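In what follows, a structure is listed as structure tokens, so that the remarks can point back to it.
What follows draws every value from the coordinates through simple rules; no lab data is involved. All values derive from a computational prediction rather than experimental measurement. As a convention, Cβ positions derive from the backbone with ideal geometry for all residues, glycine included, and neighbour counts pool all protein chains shown.
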Amino acid sequence: MVLIKERRLFERIKGAITVRYSMEMSPVRYYATAKDISGSGIRLEVHNEFKPGTLLEVEMFHEGAGVSAVCKGEAVWAAASGQDETYNMGVKFLDQSLLYIGRLMKDLIKDLDAPLFDAGL
């Protein structure tokens, strides 16, 4: 039997939230939908691909609850989603505002009817 050790420090929470992001110091803003979020990063569905290492300014909104979080992030991977012309992009939080990200995640959990966590198995 093969045991797979989970490497994630934080659990991921599935749920769609609105995200506004831009390349660091750029006036051009993009909007995306988050597919899941954790205390260390977020997976976005985007229409433009950023190379790994690209620094981003990220603002996340949970519109129903009026909760938001702002932080800096780094694109760590991107892959075609297979739908339309969109990509999935993993963003690692760099200056973690864990209190605000935690509030956002807590409100997402309250709204979900589906399973709360995805341990990546």
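Cβ crowding within 10 Å, taken as a proxy for footprinting-reagent exposure, orders V67, V91, V58 from fewest neighbours to most as V67, V58, V91.
Multiplying the residue separation of K106 and S68 by 0.36 nm and subtracting their alpha-carbon distance yields 12.5 nm.
Determine the gain in length on full extension of the stretch S81-S22; use 0.36 nm per residue of separation and subtract their C-alpha separation, reporting nm with one decimal. Display every interim value, and only then the final one.
Working: separation 59, 0.36 × 59 = 21.24 nm, distance 2.03 nm.
Full extension of this stretch gives 19.2 nm more.
Footprinting exposure proxy ranking of M89, M25, M60, fewest other C-beta atoms within 10 angstrom first, gives M25, M60, M89.
Here the Karplus relation 6.51 cos²θ - 1.76 cosθ + 1.60, evaluated at θ = phi - 60°, turns the backbone of the range 38-44 into coupling constants of 9, x, 10, x, 8, 10, 10 Hz, with x for every Gly and Pro. Residues Y31, Y21, Y87, ranked from the fewest to the most other C-beta atoms within 10 Å, line up as Y31, Y87, Y21.
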